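Okay, structure first, notes after.
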Amino acid sequence: MKNNDLIGKIAIVDTELNPSGTVLIDDEIYEAKTNGEKIEAGRGVKVTRVLGKKIIVIRV
């Protein structure tokens, strides 16, 4: 999957985002970051941007 294809996808937080951590999308783990918000493991997030190999997410 190309990185830009991730935009709009819903992910599950794998390791707490504080503000960085990992998320699970379609059985793959990705490095993710919030805009400073802490999000607990198990929560749903949405991919809003892709910066290189890191994705930016918001809580859903």
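The values are calculated or read from the model by the stated rules, or taken from the named source; none is laboratory data. Note that this is a predicted model, so its numbers are computed, not measured. Here Cβ is always computed from backbone atoms with ideal geometry, including for glycine, and neighbour counts include all displayed protein chains. For accessibility, only protein heavy atoms count, side chains too; no ligands or nucleic acids. Shrake-Rupley method; radii C 1.70, N 1.55, O 1.52, S 1.80 Å.
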Considering only segment 1-25, how many residues are modelled with pLDDT of 95 or more and out of contact with any Asp or Glu (no Cβ under 8 Å at 6 or more places or on another chain)? 10
Where a residue in segment 5-25 is farther than 12 Å from LYS54 by Cα and its partner, wherever it lies, is surrounded by 14 or more Cβ atoms within 10 Å (Cβ to Cβ) and among the aromatic types (Phe, Trp, Tyr), with Cβ under 9 Å and at least six apart: ALA11/TYR30; ASP14/TYR30; LEU24/TYR30
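Is it the case, given these coordinates, that LYS53 is open to solvent by 50 Å² or more (accessible area, probe 1.4 Å), free of Cβ contacts under 8 Å to residues at least 24 places away in the same chain and more than 8 Å from the chain's Cα centre (by Cα)?
Working: open to solvent by 50 Å² or more (accessible area, probe 1.4 Å): yes; free of Cβ contacts under 8 Å to residues at least 24 places away in the same chain: no; more than 8 Å from the chain's Cα centre (by Cα): yes.
Here the answer is no, as LYS53 does not meet what is asked.
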Mind listing whichever residues of segment 2-35 are on the phi > 0 side of the Ramachandran plot and open to solvent by 60 Å² or more (accessible area, probe 1.4 Å)? ASP26, ASP27
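Kindly establish whether VAL60 is exposed (fewer than 15 other Cβ atoms within 10 Å of the Cβ) and in contact (Cβ under 8 Å) with a residue 40 or more places away in the chain. Steps first, answer last, please.
Working: exposed (fewer than 15 other Cβ atoms within 10 Å of the Cβ): yes; in contact (Cβ under 8 Å) with a residue 40 or more places away in the chain: yes.
Yes, satisfied.
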